[in-house]
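S.K.: For reference, the structure I am asking about is given below.
The values are calculated or read from the model by the stated rules, or taken from the named source; none is laboratory data. Not measured: the values here are computed from a predicted model. We place every Cβ from the backbone using ideal geometry, glycine too, and count neighbours over all the protein chains shown. Keep in mind that these areas ignore ligands, DNA and RNA; they rest on the heavy atoms of the full protein, side chains included. Shrake-Rupley method; radii C 1.70, N 1.55, O 1.52, S 1.80 Å.
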Amino acid sequence: MSNLRPNDDPELRKLLDSIGLHENVVPESDPESTARAQAMLGRILEQPRGRGQGRRFVRPDLRLRVGGRRTVLGLLAAGVACAVIAIALVVVEPGAGPRPAAAETPPMLTFSGVDGDHLPGAGAPARALLENLAGRAEGQPPAADLPVQRVVLDAWWSSTDPADRDRGPATVLVPRHVEVYQLPDGTRRSIERRGRPLDADGRATDQPGSWSAVPSTTDETFTNDLGADYPGTLPESVPALRKLLAPPYGCGGVAGGCLLGAVNDLFTGYVVAPSVTARLWRLLATEPTITTLGTTKDRLGRDAVVLVADATDPTQRTLVLIDPDTGRYLGSESILVKPNKDLGFKPPAVVAFTALASADRVEQGEVPDSRTTTRY
């Protein structure tokens, strides 16, 4: 929950209350230290595998019962390693009892704005909420005036090999710890550390695939054609910004998904200034297909408000998580909601999430030795 203060607009106050943004609730701090991370992993290891209890994810033909105990994926990189634990899911079909799910992925988040046990196809209108978040973002201090942007991500992304004559597509989930450096000379460096893949049953796997050839750590530098200050070059006006990030010729009918995808790309690659963040939230406020599911705890245990829209891929939905107190971007989730012949998972399933662990500016001397990187 958040520390939102009373608002002079009673309609906004009613909306914020309805989705769980109450006053005088202190958010839990972000668990950054190694000791906190070790404790987090310990809690996950205590979680029994098996059928979950609690809230369900519902589409017209799908219902998902997930673990009621909110857990956090441990991506512990005390230097280099990532640790991942999968939690069992259970699918419930209308009129039928529970049966084991076809795939175990990270458990669905739970949302304060959801009525009863059902997650609707769309949430509550998000315009007033986003305008409020824009004001909060605008009031945040800018990053230090240092030359290098550093973005740190903890993520779980799917990797898929296409179907062939003998079998369907093969998909695994790969935990990743990513450090992105935007350098003032216009180059971008990405250092990525990967954990052991998980198969469709949520088990660590040695199943061969294209992912087998990828080393556990990669370090790559390439030219960023958009430039290190790309977010600062975005149009000032909301209509011009919309045209750039969700052009009508490419986003017809899925403007909300295009906008959320563009937001994710910006925040996972750059340190975005508070003024630009505010402008982005005001842009999202103009798109009616972007709605809110209320509040949740993200994968790092932080309080968040949740935006949702149909993704540009019609089989998926995109969630964006924002800090309710500061208006800062926290991360995203991708949920498979319809069958996809190109994926080795069956819906409903979380097929990816990205948590923005930190975004700051640092001195050039804090960038790892460039002799370790591969340049393109």
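S.K.: Taking interchain pairs and intrachain pairs at least six residues apart, which have beta carbon atoms under 6 angstrom, with the first residue in the stretch 241-260 and closer than 15 Å to residue 291 by Cα and in contact (Cβ under 8 Å) with a residue 24 or more places away in the chain and the second open to solvent by less than 20 Å² (accessible area, probe 1.4 Å) and among the acidic types (Asp, Glu)?
M.R.: Taking only residues 6 or more apart or on different chains, the pairs are 255/287; 256/287; 259/287.
S.K.: Would you mind telling me which numbered condition in (1) more than 22 Å from the chain's Cα centre (by Cα); (2) under 26 Å from residue 300 (Cα atoms); (3) among the hydroxyl-bearing types (Ser, Thr, Tyr) residue 221 fails?
M.R.: (2)
S.K.: Another one. From 272, 263, grab the single residue that is under 24 Å from residue 314 (Cα atoms) and in contact with a strand residue (DSSP E or B) (Cβ under 9 Å, 6 or more places away or on another chain).
M.R.: 263
S.K.: If we keep just the residues of the stretch 178-204 that are hydrophobic (A, V, I, L, M, F, W, C) and assigned to a loop (DSSP other than H, G, I, E, B), which is nearest to residue 230 (Cα to Cα)?
M.R.: Among residues in the stretch 178-204 that are hydrophobic (A, V, I, L, M, F, W, C) and assigned to a loop (DSSP other than H, G, I, E, B), the one nearest to residue 230 (Cα to Cα) is 183.
S.K.: Please enumerate the residues belonging to the stretch 137-177 that are at pLDDT 95 or above, part of a strand (DSSP E or B) and of a type in the set (A, V, I, L, M, F, W, C).
M.R.: Once the filter is applied, which keeps residues that are at pLDDT 95 or above, part of a strand (DSSP E or B) and of a type in the set (A, V, I, L, M, F, W, C), the stretch 137-177 yields 148, 151, 152, 153.
S.K.: Would you confirm whether or not the stretch 166-174 contains a residue that is among the charged types (D, E, K, R) and open to solvent by 30 Å² or more (accessible area, probe 1.4 Å)?
M.R.: Yes: one or more hits.
Listed here are the residues, each with its yes/no results for (1) touching a helix residue (DSSP H, G or I) at 6+ places or on another chain (Cβ under 7 Å); (2) in a strand (DSSP E or B).
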position: 276; (1), (2): yes, no
position: 282; (1), (2): yes, no
position: 293; (1), (2): no, yes
position: 301; (1), (2): no, no
position: 305; (1), (2): yes, yes
position: 320; (1), (2): yes, yes
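S.K.: Suppose the filter is open to solvent by 20 Å² or more (accessible area, probe 1.4 Å), part of a helix (DSSP H, G or I) and either of a type in the set (Ser, Thr, Tyr) or out of contact with any Cys (no Cβ under 7 Å at 6 or more places or on another chain) (or both); does residue 265 pass it?
M.R.: Details: open to solvent by 20 Å² or more (accessible area, probe 1.4 Å): yes; part of a helix (DSSP H, G or I): yes; either of a type in the set (Ser, Thr, Tyr) or out of contact with any Cys (no Cβ under 7 Å at 6 or more places or on another chain) (or both): yes.
Yes.
S.K.: Something else: Looking only at the stretch 122-136, filter to residues that are hydrophobic (A, V, I, L, M, F, W, C) and not in a strand (DSSP E or B); which one of those is farthest from residue 196 (Cα to Cα)?
M.R.: Per the criteria, the residue is 128.
S.K.: Can you tell me how many residues in the stretch 322-346 are on the phi > 0 side of the Ramachandran plot and either assigned to a strand (DSSP E or B) or open to solvent by 10 Å² or more (accessible area, probe 1.4 Å) (or both)?
M.R.: The total comes to 1.
S.K.: Among the residues of the stretch 184-199, is any farther than 22 Å from residue 359 by Cβ and without any contact (Cβ under 8 Å) to a residue 60 or more places away in the chain?
M.R.: Within the stretch 184-199 (the criterion being farther than 22 Å from residue 359 by Cβ and without any contact (Cβ under 8 Å) to a residue 60 or more places away in the chain), the answer is yes, since at least one residue qualifies.
S.K.: Going through the stretch 304-316 one residue at a time, which ones are touching a strand residue (DSSP E or B) at 6+ places or on another chain (Cβ under 7 Å) and surrounded by fewer than 24 Cβ atoms within 10 Å (Cβ to Cβ)?
M.R.: 310, 311, 315, 316
S.K.: Which number in (1) open to solvent by 20 Å² or more (accessible area, probe 1.4 Å); (2) among the hydroxyl-bearing types (Ser, Thr, Tyr); (3) in a strand (DSSP E or B) marks the one condition that residue 212 misses?
M.R.: Here residue 212 clears every test but (3).
S.K.: Also, I was wondering about something else. For the stretch 218-242, what are the residues that are surrounded by 13 or more Cβ atoms within 10 Å (Cβ to Cβ) and in a helix (DSSP H, G or I)?
M.R.: Answer for the stretch 218-242, where residues must be surrounded by 13 or more Cβ atoms within 10 Å (Cβ to Cβ) and in a helix (DSSP H, G or I): 230, 231, 238, 241, 242.
S.K.: Something else about it: Is there a residue being under 18 Å from the mean Cα position of the chain (by Cα), farther than 21 Å from residue 177 by Cα and either open to solvent by 10 Å² or more (accessible area, probe 1.4 Å) or acidic (Asp, Glu) (or both) anywhere in the stretch 244-258?
M.R.: yes
S.K.: Ok, one more. Tell me, please, whether a residue that is open to solvent by less than 20 Å² (accessible area, probe 1.4 Å) and within 30 Å of residue 360 (Cα to Cα) can be found in the stretch 193-202.
M.R.: Within the stretch 193-202, one or more residues are open to solvent by less than 20 Å² (accessible area, probe 1.4 Å) and within 30 Å of residue 360 (Cα to Cα).
S.K.: Being at pLDDT below 90 and among the β-branched types (Val, Ile, Thr) is the filter; apply it to the stretch 313-341 and report the residue that is nearest to residue 355 (Cα to Cα).
M.R.: Among them, the one singled out is 335.
S.K.: Residues in the stretch 275-290 that are touching a strand residue (DSSP E or B) at 6+ places or on another chain (Cβ under 6 Å) and among the polar types (S, T, N, Q): how many?
M.R.: The qualifying residues number 1.
S.K.: Working only within the stretch 337-376, note down all residues that are more than 21 Å from residue 314 (Cβ to Cβ) and either among the acidic types (Asp, Glu) or without any contact (Cβ under 8 Å) to a residue 60 or more places away in the chain (or both).
M.R.: 360, 363, 365, 366, 369, 371
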